[in-house]
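The values are calculated or read from the model by the stated rules, or taken from the named source; none is laboratory data. Just so you know, these numbers come straight off a predicted model, no measurement behind them. Virtual Cβ from ideal backbone geometry, glycine too; neighbours counted across all protein chains shown. With ligands, DNA and RNA removed, areas are computed over all heavy atoms of the protein, side chains included. Shrake-Rupley method; radii C 1.70, N 1.55, O 1.52, S 1.80 Å.
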Amino acid sequence: MALFKPEKPSVLSENLTTLADRLKGMGEQGFRAKQVMEWLYKKNARNFAAMTSLSTKLREALAGQFSLLPAKKILAKQAGEGTEKLLLELEDGLYIETVILSAPDGDEAEGGARMTLCVSSQVGCAYGCKFCASGLDGWKRNLEAGEIIAQVLLAADHIAEKKAGLRSRTLSGIDNVVFMGMGEPLANYENVTRAVEILNADWGLGLGARRITISTSGLAPQILKLAENPIQLRLAISLHGATDEVRGTIMPVNKRFPLAELLPAVAAFAEKHGRMVTFEFILIEGVNDGLDQAEALAKIAQKLHAHVNLIPYNPVEGLPWKRPNILRQRAFAGVLKKANVSHTIRRQKGDDIDAACGQLRLRKEREKGNADLALN
Ligand code: SF4
């Protein structure tokens with residue numbers, strides 16, 4: 001499965017230029033595109049009929065050409081620690097996940113929580129990182145830009161529904177959007193960068209570029225391409241091993257893009273964007289949590305002036321790895337501290353709701369598969 005041809009494309013995949021062109025092709029004036037965008041992203045219209053400043057004829061024409069929301073929320077699962085996962089169904093019946101993470105140190109005016117939305121970029125994933133549930137059933141297809149933007153709108157609606165009156169405006173208090181959900185974002189480069197454009201644009205959702213992060217398993221050529229993108233977004237690299245030998249046991253992508261190719265691409269991105277890159281490093285007991293790995297990681301991070309985000313491993317059903325105990329975590333972090341490397345140890349959220357990327361969706365897909373099998 002790879003090609004997805006929706007009956008009608010989603011208007012959420014369009015940018016201002018492409019929408020203006022489509023409107024002109026429909027015999028309308030191009031400037032109407034700005035009005036449509038305003039309805040979508042400032043006035044939160046969720047159907048074309050609600051765009052009452054447009055003529056009835058244009059609203060009908062838009063509804064004939066485009067769908068609006070190409071996904072629907074079918075489940076929300078709340079965990080006790082400020083993590084909530086949304087399971088969304090796409091038009092072709094596939095599922096994706098979007099996770100809302102709240103940290104309690106946000107702006108009082110926004111209800112006191114800083115909110116980060118973790119979006120998916122593909123259905124499934126081809127990269128097969130050994131710690132991750134998203135790749136367990138392989139890659140199914142890329143998400144359209146509109147399906148990525150729909151995750152943001154549906155999450156904003158979900159938050160607004162829960163906090164009626166407090167957060168009823170665009171984005172509903174979402175402070176950051178990270179491409180860290182299911183899929184390798186840079187393997188879906190065009191759709192992901194289009195979604196970033198819509199997130200960031202004044203005519204779109206108006207989210208500051210520094211509040212948008214792309215997290216990649218390390219596709220060096222696409223990192224170089226992204227370095228040329230003028231939007232000043234943040235980049236995170238799933239490193240998880242500080243030598244090829246160790247990284248290769250966790251990240252199959254390391255065979256295609258070993259550290260000797262990956263790290264210069266990261267350096268080029270950091271130089272072009274003048275911004276600190278983050279290395280994500282999941283600590284797995286007995287696999288990559290040795291002090292030799294910490295020393296090697298410290299050297300890499302020092303050289304690239306990168307921040308390191310240590311993430312104690314979140315056990316995945318069906319995988320044998322374990323989280324190192326707190327003493328091993330501290331010893332590892334101690335090496336980074338001694339080397340003056342900027343770092344944090346992330347508290348793992350959402351263990352109790354299968355929040356490791358892809359697990360909830362995988363369960364749902366398998367349930368559905370079993371149900372289909374039972375019916376046949
Ligand atoms: S960590 Fe990301 S790139 Fe790796 S398998 Fe999971 S979704 Fe794919």
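Provide the per-residue ³J(HN,Hα) series for segment 69-77, in order, calculated from phi with Karplus coefficients 6.51, -1.76, 1.60 and θ = phi - 60°, each as a whole number of Hz, with x at glycine and proline positions.
The phi angles translate into 9, x, 8, 9, 6, 10, 7, 10, 10 Hz.
In nm, to one decimal, how far is the S53 label point from the S342 one, both placed 7 Å along Cα→Cβ?
It is 4.0 nm.
Going by alpha carbons, how many degrees (0 to 90, nearest 10) lie between the helix axis of 16-25 and the longest principal axis of the chain?
30 degrees
Only Cα pairs under 8 Å and at least 6 apart count here; give the relative contact order of the chain as a rounded whole percent.
Value for the chain: 15 percent.
For the chain, give the share of DSSP beta bridges that are antiparallel, in percent and rounded to the nearest 5; count only bridges with both residues there.
50 percent
Ordered by residue, what ³J(HN,Hα) values in Hz, to whole numbers, does segment 185-201 give under the Karplus form 6.51 cos²θ - 1.76 cosθ + 1.60, where θ = phi - 60° and Gly and Pro are x?
x, 6, 7, 10, 4, 5, 5, 5, 5, 5, 5, 4, 4, 5, 4, 8, 5
Starting from 0.36 nm per residue, how many nanometres of slack lie between A209 and Q35 once their C-alpha separation is accounted for?
Taking 0.36 nm per residue and subtracting the Cα distance, the gain is 60.3 nm.
Using only Cα atoms, what is the ratio of the radius of gyration of the chain to 2.2 N^0.38 Å?
Cα Rg divided by the expected 2.2 N^0.38 Å: 1.01.
Fully extended, how many nm does the chain gain between A126 and D202 (0.36 nm per residue separation, minus their Cα-Cα distance)?
24.0 nm
Hey, got the dipole for segment 200-282? About the Cα centre, +1 on K and R Cβ, -1 on D and E Cβ, debye to the nearest 20?
My answer is approximately 140 debye.
What do you get for the angle between helix 326-338 and the principal long axis of the chain? Use alpha-carbon atoms, 0 to 90 degrees, nearest ten.
Here the helix axis deviates by roughly 90 degrees.
Can you tell me the accessible area per residue over the chain, all protein chains present, probe 1.4 angstrom, in square angstrom?
Normalised by residue count, the accessible surface of the chain is 44 Å².
Quick one: pull the percent of accessible area on the chain belonging to carbon and sulfur, 1.4 Å probe, ligands and nucleic acids left out.
52 percent
Under a plain spin-label model, where a point goes 7 Å from the Cα along Cα-to-Cβ, how far apart in nm are E295 and F4?
4.7 nm
With +1 on each Lys and Arg Cβ and -1 on each Asp and Glu Cβ, how big is the dipole of the chain about its Cα centre, in debye rounded to the nearest 20?
Once rounded to the nearest 20, the dipole reads 400 debye.
Residue by residue through segment 27-42, what is 3J(HN,Hα) from phi via Karplus (6.51 cos²θ - 1.76 cosθ + 1.60, θ = phi - 60°)? Round to whole Hz and write x for glycine and proline.
Taking θ as phi minus 60°, the curve returns x, 9, 7, x, 5, 4, 4, 5, 5, 4, 4, 4, 5, 5, 10, 10 Hz for segment 27-42.
Hey, what's the Cα Rg ratio for segment 212-303 versus the globular rule of thumb, 2.2 N^0.38 Å?
1.05
State whether segment 101-252 is rounded, prolate or oblate according to the following rule on the C-alpha gyration tensor (a ≥ b ≥ c being the square roots of its eigenvalues): a/c under 1.5 gives rounded; otherwise a/b larger than b/c gives prolate, and the remaining case gives oblate.
The shape class here is prolate.
Would you calculate the separation in nanometres between label points at A331 and I231, each defined as 7 Å from the Cα along the Cα-to-beta-carbon direction?
A separation of 4.3 nm, rounded to one decimal place.
For segment 217-240 and segment 43-83, what is the separation of their C-alpha centers, rounded to whole Å?
Each part's Cα centre sits 31 Å from the other's.
Rounded, prolate or oblate: which fits segment 1-145 when a ≥ b ≥ c are the square roots of the eigenvalues of the alpha-carbon gyration tensor, with rounded for a/c under 1.5 and prolate only if a/b beats b/c?
oblate
At 222 nm, what helix-only mean residue ellipticity would the chain give, in deg cm²/dmol to the nearest 500, using -39500 (n - 2.57) for each DSSP H run of four or more?
After summing the helix terms and dividing by the residues of the chain, the value is -11500 deg cm²/dmol.
Which far-off residues, 5 or more places away or on another chain, put their amide H under 5 Å from the one on Y313, with H placed in the peptide plane?
The list, which skips near neighbours in sequence, is L283.
Mind listing which GluC sites (Glu not before Pro) in segment 1-92 are in a DSSP loop and have 14 or fewer other Cβ atoms within 10 Å?
Qualifying residues, ordered by number: E7.
If you line up the long axis of helix 56-65 against the longest principal axis of the chain, both from Cα atoms, how many degrees apart are they, to the nearest 10?
For 56-65 against the chain, the angle is about 40 degrees.
Using only the Cα atoms of segment 11-65, build the gyration tensor, take square roots of its eigenvalues as a ≥ b ≥ c, and label the shape rounded, prolate or oblate: rounded if a/c is under 1.5, else prolate if a/b is larger than b/c, else oblate. Walk me through the numbers on the way to the answer.
On the way: a/c = 1.60, a/b = 1.16, b/c = 1.38.
Cα axes put segment 11-65 in the oblate bin.
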